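Here the structure is laid out as structure tokens; the discussion comes afterwards.
The values are calculated or read from the model by the stated rules, or taken from the named source; none is laboratory data. None of these values were measured; they are calculated from a predicted model. So basically every Cβ, Gly included, is an ideal-geometry build from the backbone, and we count neighbours across all protein chains shown. Each accessible area value is taken on the protein alone, full model and side chains, heavy atoms only, with ligands, DNA and RNA left out. Shrake-Rupley method; radii C 1.70, N 1.55, O 1.52, S 1.80 Å.
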Amino acid sequence: MSVFLSFEGIDGSGKSTQARLLAEALRARGLVVCLTREPGGSAGAEEIRRLVLEGAADRWSTETELLLFTAARRDHLEKTIRPALARGEVVISDRFADSSRIYQGLTRGDLRDTVDRLHALMIGMEPDLTVLIDIDPAEGLARAVARAGREMRFEGMGLGVQEKARDGFLALAATQPSRFRVIAGARPAEAVAADVLAAVLARL
Ligand code: ADP
Ligand code: TYD
């Protein structure tokens, strides 16, 4: 049964952890799962990921950044997501277009209208279900900093920006309640995973 699921949330909210746990739980139930991520998820998109996440903070304008994220998403869709759905798999993407709506549309830039138009033009599809992992930004930031590595262009943006992103995600979820499930992330990973699995099984 092909179904497209995405995880969204601020940095350090636990998306990657939960995407992995969900993939394991669904595979244990006999489903074929394609676990993927953005930016990235295909060879070309992973190359774009390096361009956009590494290097100096002022390397790209918000407009250029949006074009790069959209180019990466288009390649991800063509090379990974659509083929997996065509094979009847469950696709789980760690971030998808809602991240562009929030970051390029609201916190890193003010391009929400452009994000939507570019999405309609080049992507034109939404997940069947989006799990929003909601967490206090102070907690998310502490987790993200503890894990600091090379992909630092977007980290260290400060608590105010993370607050704005969290509020943006919650507001977006409220406008599309049939697609979004909001799940509290500041709990042990297993407790969060149980709620995620229940929400996904209800949708399947
Ligand atoms: P994201 O993908 O949203 O940035 P991650 O899943 O990579 O988040 O988690 C960020 C960090 O927090 C990682 O070091 C991870 O091990 C840790 N972590 C994830 N989930 C939890 C949790 N429920 N409680 C405590 N720490 C967590
Ligand atoms: P990610 O690797 O998911 O970071 P994290 O694990 O810390 O949540 O994503 C890297 C950064 O890219 C993250 O700060 C969000 C940003 N991003 C955008 O700004 N726009 C987008 O369209 C996507 C997919 C990600």
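Laid out as a table, the results:
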item: Listed residues Asp58, Asp98, Asp110, most fluctuating in the chain (Gaussian network, C-alpha, under 10 Å); result: Asp58
item: Gaussian network model of the chain, Cα within-10 Å springs - most flexible of Ser93, Ser16, Ser61; result: Ser61
item: Mean projection area, nm², convex hull over Cα of the range 1-92; result: 6.3
item: Cα pair distances of the range 28-69 binned at 5 Å [whole percent]; result: 5, 21, 23, 18, 11, 7, 6, 5, 4, 0
item: Per residue value of the accessible surface for the range 3-203 (all protein chains in place, 1.4 Å probe), Å²; result: 45
item: Within the accessible area of the range 3-203 (1.4 Å probe), percent carbon and sulfur; result: 55
item: Long-range amide H partners of Phe180 with built H, under 5 Å; result: Thr130
item: Fluctuation leader among Pro39, Pro83, Pro127 - the chain, Gaussian network, Cα springs under 10 angstrom; result: Pro83
item: Peptides 186-192, 159-165, 72-78, 134-140 ordered by average Cβ neighbours within 10 Å, highest first; result: 72-78, 134-140, 159-165, 186-192
item: Check: the range 1-52 dipole with +1 on Lys, Arg Cβ and -1 on Asp, Glu Cβ, in debye; result: 180
item: Whole-angstrom gap from the range 110-138 to the range 81-106, using each part's C-alpha centre; result: 9
item: Only Lys, Arg (+1) and Asp, Glu (-1) charged, at Cβ; the chain dipole about Cα centre in debye; result: 460
item: Quarter of Cα convex hull surface for the chain, i.e. mean projection, nm²; result: 10.5
item: Mean separation of Cα contacts under 8 Å, 6 or more apart, over the residue count of the range 45-204: relative contact order %; result: 25
